[in-house]
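This report refers to the structure that appears directly beneath it.
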Amino acid sequence: EHIRVDKAGCVQLERNFEIFGDGPMTSMFRRSIFDEIGKFAEVRSRGDVEMRERLRSFYGGHAIKALPIPMKLCFA
């Protein structure tokens with residue numbers, strides 16, 4: 001989870017008007033993954049979520065491991 005803040009430090013709501021956002025901020029992949037399913041979507045926002053869902057769709061949910069790390073602030 002993360003909380004998105006702007007330059008003034010104000011919390012920015014997520015698309016569903018919630019404070020906590022869902023987005024794999026740091027990911028590690030084998031090079032062969034990109035060769036098989038392609039690179040990240042060239043979008044300003046949510047490309048990491050799109051990639052995670054594409055991985056889940058292609059390989060199955062067991063292929064994704066979320067590490068229990070502390071929540072962080074994300075600069076919008």
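The values are calculated or read from the model by the stated rules, or taken from the named source; none is laboratory data. Computed from a predicted structure; not experimentally measured. Here the Cβ is made from the backbone with ideal geometry for all residues, glycine too, and neighbour counts use every protein chain on show. Areas reflect the complete protein model, heavy atoms only, side chains present, ligands, DNA and RNA absent. Shrake-Rupley method; radii C 1.70, N 1.55, O 1.52, S 1.80 Å.
Odds and ends about this structure:
- Meets criteria (surrounded by 10 or more Cβ atoms within 10 Å (Cβ to Cβ) and modelled with pLDDT under 85) for Pro24: yes
- Failed item in (1) open to solvent by 60 Å² or more (accessible area, probe 1.4 Å); (2) within 19 Å of Val5 (Cβ to Cβ); (3) modelled with pLDDT under 75, with Leu67 passing the rest: (2)
- Single residue of Arg46, Arg30, Arg52 found to be surrounded by 13 or more Cβ atoms within 10 Å (Cβ to Cβ) and either at pLDDT 80 or above or over 15 Å from the mean Cα position of the chain (by Cα) (or both): Arg52
- Checking segment 9-16 against the condition returns a match, with at least one residue being in contact (Cβ under 8 Å) with a residue 40 or more places away in the chain and not in a loop (DSSP other than H, G, I, E, B).
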